[in-house]
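The values are calculated or read from the model by the stated rules, or taken from the named source; none is laboratory data. What you are looking at is a predicted structure, and each value in this text was computed from that prediction instead of being measured. Note that each Cβ is placed from the backbone with ideal geometry, even for glycine, and that neighbours are counted across all protein chains shown.
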Amino acid sequence: MSETILVIKLSALGDFIQATGPMKAIRAAHPAAKITLLTTPPFESMARATGWFDAVWTDGRPGWSDLAAVARLIGRIRRARFARVYDLQTQGRTVRYFQLLWPRRPPWSGNAPGAAFEYGGEARDRLHVQDSQRNQLRIAGIGEVGPPDIGWLTGKADHRPPEPFALLVPGGAPHRPAKRWPAERYGALARALAGQGVTPVVLGHGDEEAALAAVIQSVEPTAQLLVGQTSFGDIADLARRAALVVGNDTGPVHIAIAAGAPGVVLFSAESNPDLSAPRPIRADQPVEILRAEDLADLGLATVLDAVARVRA
């Protein structure tokens, strides 16, 4: 009987993309194993598309007040008798899962105190997530972990904006508006790009991001709006043909960089690029990270200078 392995990665989109390198490495280290991913519904289709998992469970985040659902999840993990668990979420929730599996806990890789392959402490918390996960897997005996790999991610739409084109991502998590560069500034960027012969293409989803895109188009009427028209796979396909991507610290930007696009990524004090910025997947892929405590203070000239360096 082949061994059974559990990998845990619940969210969010950017974090899921960053974890694809470790996921691929786990599959390579256990080629004959039956590997299950514990995740949440938004990531089910992507998880299946990777080809790295034999099963995908989407009940990974029950509400703590729903004791029956928590008990069902812990019972499900217990009954599966996993030979090893790789916790790539490494948050308080998954530490609690480890604790609730007492007294017969499977060999566990993560930051849970007492885990067989424990990797915790302040040093871990100061590392970029990719470096941290490499160290975590090294402790568990997996020495080769590559960069994010989304070669399997493709879409069904055939968006063909005029080339060269630049992807602009002005949105982000609705509950974290401070992570957004002002839409008017994106409009001015779109106008500058159009003046250089580059087609601005605006990505996003939902009414709020449609409103941001409308502001951009009001400044630069030639901007093409694809808000609400792109799946994760469509974004990857577009990024593979894009001259560059410019966007906030949000999931679609992580997809674009992991697909190989040159990029400029904007960070506010809401998140720390030293811990979570998207990184190039190859040596010749230029990626610039710009940071301002308040993105309203980040001037257009600074972004245009970074765009020029990326396109040089």
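A few notes on this one:
- The listed residue being in contact with an Asp or Glu (Cβ under 7 Å, 6 or more places away or on another chain), hydrophobic (A, V, I, L, M, F, W, C) and modelled with pLDDT of 95 or more, out of ALA83, ALA115: ALA83
- The set of residues in region 17-33 that are free of Cβ contacts under 8 Å to residues at least 60 places away in the same chain and either assigned by TED's automatic domain parsing to the domain that holds HIS254 or crowded, with 17+ Cβ neighbours inside 10 Å (or both) comprises ARG27, HIS30, ALA33.
- Condition met for VAL56 (in contact with a helix residue (DSSP H, G or I) (Cβ under 7 Å, 6 or more places away or on another chain), more than 28 Å from SER271 (Cα to Cα) and in a strand (DSSP E or B)): yes
- Screening region 264-312 for residues that are among the polar types (S, T, N, Q), in contact (Cβ under 8 Å) with a residue 60 or more places away in the chain and part of a loop (DSSP other than H, G, I, E, B) and picking the one that is farthest from ASP149 (Cα to Cα) gives SER268.
- Single residue of region 218-245 satisfying the filter (within 18 Å of PRO182 (Cα to Cα) and free of Cβ contacts under 8 Å to residues at least 40 places away in the same chain) that is surrounded by the fewest Cβ atoms within 10 Å (Cβ to Cβ): PRO221
- Subset tally (residues that are under 17 Å from LEU238 (Cα atoms) and either over 22 Å from the mean Cα position of the chain (by Cα) or without any contact (Cβ under 8 Å) to a residue 12 or more places away in the chain (or both)) for region 160-189: 6
- Candidates GLY110, GLY146, GLY206, filtered to the one that is closer than 30 Å to ARG79 by Cβ, among the small types (Gly, Ala, Ser) and within 20 Å of the chain's Cα centre (by Cα): GLY110
- Reported count of residues in region 173-222, each being part of a loop (DSSP other than H, G, I, E, B) and either in contact with a Cys (Cβ under 6 Å, 6 or more places away or on another chain) or farther than 21 Å from LEU304 by Cβ (or both), is 6.
- ALA47 being more than 29 Å from PRO278 (Cβ to Cβ), of a type in the set (A, V, I, L, M, F, W, C) and either at pLDDT 95 or above or over 19 Å from the mean Cα position of the chain (by Cα) (or both): no
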